[in-house]
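Single-structure report; data block below.
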Amino acid sequence: MGDHQKIVVMACKHSAGEALRELQREGWALPDGVEWVELPCGGSLDELHILRAFEAGAAAVLVLACYHGACRSLDGSRWAEKRVQAIQEMLAEIGIEQDRLEFRNIAPTMPADLASWVEALHRRVLAPAGE
Amino acid sequence: MREHPSVIVVGGGIAGLTAALNLAERGAHVTLVERDSVLGGNARTVCCKAIAGECQLCGGCLLGERLELIVSSPVELLLETSVARVERDNGGFLVYLEGAEKSSPLRAQAVILATGFDHVDAHTKGPYGYGILPSVTTGEEMERKIKEEGQGAYDALGLHKVAFIQCVGSRDEHVGRGYCSQVCCRYALRLARLLKARQPELEITIFKMDIQNSGRDFQKTWQAAQEEGIRIVAGLPAVIRRSSEEPRRATFVYDDILAGQIVQEDFDLVVLSVGMQPRRDAEQVAELFGINQDRYGFFAVGDDLISTIVPGVFVAGTCQAPRSMAEAAAHAQQAAEACYRYLQELAL
Amino acid sequence: MSQATPVAKQVLVLGASSEAARAVKELLALGYKVLWVSGDELPSNGLDSPALAKYANCRLYALEGHVGRFVSHFLHQGQRLALSTSAIIVATGNERYFPAERYGLELSSLVWTTSQVKEQLKKPLPQSVLAFRDKRILLLLDWSGETSKELVSESFSLAGELCERCRSEVYFFYRDLTVDSPGWEQRTRELRDKGVVFCRYGEPEVTVGEAAVSISYLEGTVEGDLLVLPEAVRPRGDTAELAEILQVRLGEDGYFQELNIRKYRAGLSARKGIFFAGRCHMDCDASEAESDALQVVAAVDALLGQGALEPEEVIAYVDPSKCIRCLTCVRTCPHAAVQVVEYEDMDVVAARVDELACWGCGACASNCPVQAIEMVGQEMPAWVQGV
């Protein structure tokens, strides 16, 4: 399925989205092969979205949601974390490396962390193949 | 208000953005003047202090959404622009600007000043050795470093013992700042918890005058900090010196008031919890608009903490008194309300 | 997408607190029709206007509808009353109590609460003043580390009044002096100038004798004629019930509003059109509570002032033909925007998302077991639909 050429980042627009735009204002750009899917809230993340991302050839999926207690829809970030855990268990059962799916809490004031997470994931997952 | 009155908001930090957005949503024509080339002011260097997946409610993230809302709002943004001259004009104001774009003066019925604050310069507290001792930093620098380098900015520095010194340049009538800066206890405790969560072995002590533990959220933070092993000592050092045994460390003597002991201790990092002071141009701005300053240099206001002696000139946020980001936003929304009512009465 | 829905400039204010009164006054000045309702008596402070309807001693028992079209059901003097408003401001205040257990002290002729002192000072001269004349009064704050700004503020005012009006000698005992509100440090300095003695204690030892009280602390022992203890505040007893009716969450501490930084100071509830003002959701004194009411009114007017409401760019839509009425969406929606209704034109009963109340978070859609909910306006890559 697919050629494992991309990383999909599924990101809440209120935290990760704002952090990305701050990075972009400073001239940073997503590395090649990183597909950014912006969600209205972590709560809208569907398990199916993650599976479809792998189906469509994602080498890794990174899910970014607000810190718990800062989600404007209250439970959105917890829903997102639960969904990711469920899929991770499923991946383990079918023998896919669990580290292909990551969940992280993020705040709008964390552009530096966002950049380093995305770059590290890119190095780990995509860069070896590209070398 | 059907006539779309014009308001000028001076300052594009959290307060200015909040006031401008509220008035624009209510149909006023708002021009926001910001001297910097970017919006956000001091709030731009505030870091996230969330730990273990939980938000610590510091309010640092309140800026981002406003930056996005303002761009899609009808508020007219003038960056790299400052006020050069103000004239009264038919009950309103004629504001001459200096800067990038506008050369013709702006006409407005009302003005909201939201010019913000300056961090207290830690150099002015000479005996604490800031700028001389490598192990002495400030809370502002710590926030900035974490914002710029990420949550792990202090992880690999080989720290064992960290001290936070509270009330640096605050609550000190001798240096003309006989007020509490409101934010330092809160940021120090939250930063301490952030460091402690990432490096559980770290020994952290907060040296305080009085911990400001009001607010629904702060009680929780304060209790959690103590449960996590953050030590809180009532007593402030007078002088911070280079440690004679280890020159990269700092040492100081303090009077632990509650324990009734005088103690000397070394630290790898000493964080000076610097407070807020009026912006360096406060006097100039006050003069331009004909308003007063209080005894510390903040803009003087009436009992509502919003209105100045000049009808139609309102103040919002930290240019009036020290405030946290969330409080500055709330204050700015009150200023917007006062301004809106003023415009409404003007229209009658 | 959807067009703007016209809404009336009509607001329900709940509560008899001073911040409720401030909100009412401000809304009237902005040209709103205001319904002011309280479970208690309402203050008679001259707020009268043809645009204001007051209902005292009223109990809210149900709330229907959403932002722009709330219908609140009350019991008023044995009658049922239904009031329609576009928004609701909750300003019910807090509740005072004397935390006897926390203090480990009983009230007596030598041990008073701050409220008792205040009541005495309100009495006619000379008895108001004589009770404290030339007496040494020990005001003891912050006993267990619980600080309420309202009581600290009141204690400051009381200390000043006792010094000035009664020539009392006031000792103000504290562990951490709360000064983190604009102007409060100045207040403590003025009190010192009036003669109030501030004493920091470590673990104070209080002795109540036959005719005198004493406090032993770090620096020695102070004897006095009267010990004054601040009361404490807590959420009102009806907060939980009211929250359930309004379908809003409480914080862990039982006050209105979960502690979410994006909403807390802004007075926003998770439900559109429902706002909190003052001491029902904040730790603050009376004047700060009234200021809070003003910023909440500014938010209400930003919402309703233009006379129309528009939905968010992204909102959830339920396909009634797919809905199995399992109520998952009703339960998971954090904004109480989903209900099961009868779609008359289609002759089905199914979930429906109120398009104005929806924040577009998508929790309903991702939780729906039969994928009957779609996020309208959300752009997703094609692969989400399957390859």
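Tell me the strands (runs of 3 or more DSSP E) entirely within the range B:204-287 that contain at least 1 residues that are without any contact (Cβ under 8 Å) to a residue 24 or more places away in the chain. Please lay out each step first, then the result.
Working: elements: B:231-234, B:240-242, B:250-256, B:261-267, B:269-274, B:276-278.
Strands (runs of 3 or more DSSP E) meeting the threshold: B:250-256, B:261-267.
Within the range B:308-342, the residues that satisfy the criterion of being closer than 16 Å to B:N90 by Cα and surrounded by 21 or more Cβ atoms within 10 Å (Cβ to Cβ) are B:G312, B:V313.
Is the range C:343-351 home to any residue that is buried (at least 20 other Cβ atoms within 10 Å of the Cβ) and touching a Gly at 6+ places or on another chain (Cβ under 9 Å)? So that I can check it myself, show each step before the final result.
Applying the first criterion (buried (at least 20 other Cβ atoms within 10 Å of the Cβ)) to the range C:343-351 yields C:351.
If we keep only those that are touching a Gly at 6+ places or on another chain (Cβ under 9 Å) as well, we get none.
No, the range C:343-351 contains no residue that is buried (at least 20 other Cβ atoms within 10 Å of the Cβ) and touching a Gly at 6+ places or on another chain (Cβ under 9 Å).
Only one of the numbered conditions (1) buried (at least 17 other Cβ atoms within 10 Å of the Cβ); (2) within 12 Å of another protein chain (Cβ to nearest Cβ); (3) more than 27 Å from C:E150 (Cβ to Cβ) is violated by B:D210, and that is (3).
Summed over the range C:254-290, the residues that are of a type in the set (G, A, S), surrounded by fewer than 24 Cβ atoms within 10 Å (Cβ to Cβ) and closer than 20 Å to B:I14 by Cβ give a count of 1.
Would you mind finding the one in C:A270, C:A266 that is part of a loop (DSSP other than H, G, I, E, B) and away from chain B (no Cβ under 14 Å)?
On the way: C:A266 fails: away from chain B (no Cβ under 14 Å).
Exactly one of C:A270, C:A266 is part of a loop (DSSP other than H, G, I, E, B) and away from chain B (no Cβ under 14 Å), namely C:A270.
Among the conditions (1) under 20 Å from C:L27 (Cβ atoms); (2) of a type in the set (G, A, S); (3) in contact (Cβ under 8 Å) with a residue 60 or more places away in the chain, B:A338 misses just one, which is (3).
So in the range C:5-53, with the set limited to residues that are of a type in the set (D, E, K, R) and crowded, with 17+ Cβ neighbours inside 10 Å, which one is nearest to the chain's Cα centre (by Cα)?
C:E19
Per this entry, A:A80 is counted among residues that are under 22 Å from C:H335 (Cα atoms) and out of contact with any His (no Cβ under 9 Å at 6 or more places or on another chain).
One residue stands out in the range B:109-157 among those that are free of Cβ contacts under 8 Å to residues at least 24 places away in the same chain and aliphatic (A, V, I, L, M): the one that is farthest from B:I8 (Cα to Cα), namely B:A156.
Do we have any residue at all in the range C:233-245 that's within 13 Å of chain B (Cβ to nearest Cβ) and in contact with a Cys (Cβ under 8 Å, 6 or more places away or on another chain)? Step through it out loud before you land on a result.
Pass one, the range C:233-245, residues within 13 Å of chain B (Cβ to nearest Cβ): C:233-235.
Then keep just the ones that are in contact with a Cys (Cβ under 8 Å, 6 or more places away or on another chain); that gives C:235.
Yes, that holds for at least one residue.
Condition check for B:K147 on (1) surrounded by 20 or more Cβ atoms within 10 Å (Cβ to Cβ); (2) part of a loop (DSSP other than H, G, I, E, B): one failure, at (2). Tell me, yes or no, whether the range B:283-291 has at least one residue that is touching a Ser or Thr at 6+ places or on another chain (Cβ under 7 Å) and more than 20 Å from C:D292 (Cα to Cα). Yes, some residue in the range B:283-291 is touching a Ser or Thr at 6+ places or on another chain (Cβ under 7 Å) and more than 20 Å from C:D292 (Cα to Cα). May I ask you to verify whether C:S168 is touching a helix residue (DSSP H, G or I) at 6+ places or on another chain (Cβ under 7 Å), polar (S, T, N, Q), outside the structural domain of C:I215 (by TED's automatic domain parsing) and modelled with pLDDT of 95 or more? Against the criterion (touching a helix residue (DSSP H, G or I) at 6+ places or on another chain (Cβ under 7 Å), polar (S, T, N, Q), outside the structural domain of C:I215 (by TED's automatic domain parsing) and modelled with pLDDT of 95 or more), C:S168 does not qualify.
Of the residues C:E355, C:E288, the single one that is within 30 Å of C:S155 (Cα to Cα), modelled with pLDDT of 95 or more and more than 9 Å from every other protein chain (Cβ to nearest Cβ) is C:E288.
Taking the condition within 29 Å of A:D75 (Cβ to Cβ), modelled with pLDDT under 95, touching a helix residue (DSSP H, G or I) at 6+ places or on another chain (Cβ under 6 Å) and not charged (D, E, K, R), does C:G267 pass? Walk me through how you get there before you give the answer.
On the way: within 29 Å of A:D75 (Cβ to Cβ): yes; modelled with pLDDT under 95: yes; touching a helix residue (DSSP H, G or I) at 6+ places or on another chain (Cβ under 6 Å): yes; not charged (D, E, K, R): yes.
Against the criterion (within 29 Å of A:D75 (Cβ to Cβ), modelled with pLDDT under 95, touching a helix residue (DSSP H, G or I) at 6+ places or on another chain (Cβ under 6 Å) and not charged (D, E, K, R)), C:G267 qualifies.
Here B:G40 meets the list (1) in contact with a helix residue (DSSP H, G or I) (Cβ under 7 Å, 6 or more places away or on another chain); (2) surrounded by 15 or more Cβ atoms within 10 Å (Cβ to Cβ); (3) more than 12 Å from chain A (Cβ to nearest Cβ) almost entirely, failing just condition (3).
Summed over the range B:50-78, the residues that are within 13 Å of chain A (Cβ to nearest Cβ), of a type in the set (D, E, K, R) and within 28 Å of B:R280 (Cβ to Cβ) give a count of 1.
Are any residues in the range C:174-187 within 15 Å of B:A321 (Cβ to Cβ) and among the β-branched types (V, I, T), and if so, which ones? Break it down stepwise before answering.
Let us first name the residues in the range C:174-187 that are within 15 Å of B:A321 (Cβ to Cβ), namely C:179-187.
Within the range C:174-187, C:V179 is the sole residue that qualifies.
Among the residues of the range B:245-259, at least one is at pLDDT below 95 and among the basic types (K, R). Looking at B:A225, B:A197, B:A192, B:A188, just one residue is surrounded by fewer than 23 Cβ atoms within 10 Å (Cβ to Cβ), among the small types (G, A, S) and at pLDDT 95 or above, and that residue is B:A197. Would you confirm, using the coordinates I've provided, whether B:L288 is at pLDDT 95 or above and either not polar (S, T, N, Q) or not assigned by TED's automatic domain parsing to the domain that holds B:Q56 (or both)? For B:L288, the condition - at pLDDT 95 or above and either not polar (S, T, N, Q) or not assigned by TED's automatic domain parsing to the domain that holds B:Q56 (or both) - is met. Just for the range A:89-107: of the residues that are within 13 Å of another protein chain (Cβ to nearest Cβ) and not basic (K, R), which one is farthest from the chain's Cα centre (by Cα)? Only one residue fits best here, namely A:A107.
Condition check ((1) more than 9 Å from every other protein chain (Cβ to nearest Cβ); (2) more than 19 Å from B:E65 (Cβ to Cβ); (3) among the acidic types (D, E); (4) free of Cβ contacts under 8 Å to residues at least 40 places away in the same chain) across all residues:
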| position | (1), (2), (3), (4) |
| --- | --- |
| A:A56 | no, yes, no, no |
| A:A59 | yes, yes, no, no |
| A:A70 | no, no, no, no |
| A:W79 | no, yes, no, yes |
| A:V84 | yes, yes, no, yes |
| A:I87 | yes, yes, no, no |
| A:T109 | no, no, no, no |
| A:A120 | yes, yes, no, yes |
| A:R123 | yes, yes, no, yes |
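C:Y174 satisfies every condition listed in (1) buried (at least 20 other Cβ atoms within 10 Å of the Cβ); (2) not assigned by TED's automatic domain parsing to the domain that holds C:L110 except (2).
The values are calculated or read from the model by the stated rules, or taken from the named source; none is laboratory data. What you are looking at is a predicted structure, and each value in this text was computed from that prediction instead of being measured. With ideal geometry, Cβ positions are generated from the backbone for all residues, glycine too; neighbour counts draw on all protein chains shown.
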